[in-house]
1. With a ≥ b ≥ c taken as the square roots of the eigenvalues of the C-alpha gyration tensor of the range 66-142, please select rounded if a/c is under 1.5 and otherwise prolate if a/b is larger than b/c or oblate if it is not?
2. For Leu155 paired with Asp26, estimate the spin-label separation in nm (one decimal), with each label point 7 Å from Cα along the Cα-to-Cβ line.
3. Going by alpha carbons, how many degrees (0 to 90, nearest 10) lie between the helix axis of 133-157 and the longest principal axis of the chain?
4. Could you list which residues have their amide H under 5 Å from that of Gly35, counting only those 5 or more apart in sequence or on another chain, with H placed in the peptide plane?
5. Sorted by mean Cβ packing within 10 Å, highest first, what order do the peptides 92-98, 28-34 take?
6. Report the charge-dipole magnitude of the chain in Debye, nearest 20, computed about the Cα centre from +1 at each Lys and Arg Cβ and -1 at each Asp and Glu Cβ.
7. Would you compute, from DSSP H runs of 4+ residues alone, the mean residue ellipticity of the chain at 222 nm, taking -39500 (n - 2.57) per run and dividing by the full residue count, rounded to the nearest 500?
8. Compute the angle between helix 163-185 and the longest alpha-carbon principal axis of the chain, please, reported from 0 to 90 degrees and rounded to the nearest 10.
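Every number here is computed from the coordinates shown, using simple stated rules; none is lab data. Remember, it's a predicted structure, so these values are computed and weren't measured experimentally. All Cβ positions, even for glycine, are placed from backbone atoms using ideal geometry, and neighbour counts span all protein chains on display.
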Amino acid sequence: MSGRALSPLDRLLAESQRALDTVLGDPPASRANPGRDQAEVELDETERRHAAGLMRINHVGEVCAQALYVGQAAVARDAVTREHLLEAAQEETDHLAWCAQRLRELDSRPSLLNPVWYAGSYAIGVLAGLRGDGWNLGFVVETERQVEAHLEEHLQTLPEADLRSRAILETMKADEARHADNAEHAGARVLPAPIPSVMAAASRLMKAVAYRL
Ligand SMILES: [Fe+2]
Ligand SMILES: [Fe+2]
């Protein structure tokens, strides 16, 4: 990082680049794929489709997490909170890359609606961010806890033979739990009703669509 303060235009360009990388590109992971040491086991067609549906949902979840954090960081008032959010987004890049790799191995593809998921989550991030920094972190905690819960659900329903996807999801689940703990320690406020249930409903809708599309 240079010491130069970024102008609004610099920031807009950097954020557009990041959005394009997330939605269209294949941003590189900084850690090795946790599934790489697991043997690739032949799945039957039903299992392969199911595993791909689940990994597509997880990929969309990571697109949304990135967009949410980048959106919140764009309007965060406090530099430490902004750093915290951008760091969290950075760690999600590994998850995004691992899910994309696994989708390719499963002969599948990411969601066609990724630009829509990104834009919607970015907007939610900006709105949350405008409420102030305790809220920002509260959204991080709620998002991470919800992702952690659906990863657990996927671990239960994933085809037993799919050890590669399983290794990825287990590492992600541990990371998300740590992200939530960090945000809690950094001063997150507990989001009031009905925000957590609205977020849960939005994520149920996303899961139903992303499984197929
Ligand atoms: Fe993640
Ligand atoms: Fe996370």
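1. Details: a/c = 3.28, a/b = 1.98, b/c = 1.66.
It is prolate, given that a/c is not under 1.5 and a/b is the larger ratio.
2. Computed distance between label sites Leu155 and Asp26 equals 2.8 nm.
3. Between helix and principal axis, roughly 0 degrees.
4. Under 5 Å from the amide H of Gly35 lie the amide H atoms of Ile168, each far enough along the sequence or on another chain.
5. Working: 92-98: 23.7, 28-34: 13.4.
Peptide ranking by packing, descending: 92-98, 28-34.
6. Details: 23 positive and 32 negative charges, 147 e Å.
In debye, rounded to 20, the chain gives about 700.
7. Working: 7 runs with 155 residues, N = 213.
Rounded to the nearest 500, it is -25500 deg cm²/dmol.
8. Approximately 20 degrees, to the nearest ten.
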